[in-house]
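Engineer: Okay, here's the structure, questions in a sec.
The values are calculated or read from the model by the stated rules, or taken from the named source; none is laboratory data. Everything numeric here is computed off the predicted structure, so don't read it as measured data. Methodologically, a virtual Cβ is constructed for each residue, glycine included, from the backbone with ideal geometry; neighbour enumeration extends over all protein chains shown.
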Amino acid sequence: MWQQLWDLQEQNKPHSLKPLLGRWPGVPVRRKDVILTRLRIGHTRFTHKHLLFADTAPICTSRQAPYSVLHILIECPVFIFQRQSFINATFLSLKDVVGENPHPKVFSFLQSIGFLNHI
């Protein structure tokens, strides 16, 4: 029953990362587990703190688009060099980077672009 309801939520961000209901594999380091969870749901301090302070959303200067987890991890041309160095793939999806089996260098990538402490 729950799976059927979940399957109706195809436009839901978490559905694209985890189409089948169930527990996420545990991450032994709590801080990393929290970071992955925030990235998976798309809510980080950097992308959402403007809501708490009634400020404007941060805008990427290269694309004139609001920052989002998808934009930072996959789309932003500012981070293309670091993305290629750490992730080393020509086509990426959020599932590839933070899905059930997160990319082993996702934390190194986040550190290199100065985003790790803003999640």
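Engineer: Scan region 69-94 for residues that are under 23 Å from Pro25 (Cα atoms), crowded, with 18+ Cβ neighbours inside 10 Å and not aliphatic (A, V, I, L, M) and report the count.
Structural biologist: 1
Engineer: So, Val97, is that one of a type in the set (Val, Ile, Thr), in a helix (DSSP H, G or I) and crowded, with 17+ Cβ neighbours inside 10 Å or not?
Structural biologist: Yes, satisfied.
Engineer: Could you tell me whether region 58-75 includes any residue that is under 14 Å from the mean Cα position of the chain (by Cα) and touching a residue at least 60 places away in the same chain (Cβ under 8 Å)?
Structural biologist: No, because not a single residue in region 58-75 is under 14 Å from the mean Cα position of the chain (by Cα) and touching a residue at least 60 places away in the same chain (Cβ under 8 Å).
Engineer: Test each condition in (1) closer than 21 Å to Arg30 by Cα; (2) modelled with pLDDT of 85 or more for Glu100 and report the one that comes out false.
Structural biologist: (2)
Engineer: Let me ask another. Which ones in region 47-67 are surrounded by 13 or more Cβ atoms within 10 Å (Cβ to Cβ) and either closer than 15 Å to Gly114 by Cα or among the charged types (D, E, K, R) (or both)?
Structural biologist: The answer is Thr47, Lys49, Cys60, Arg63, Tyr67.
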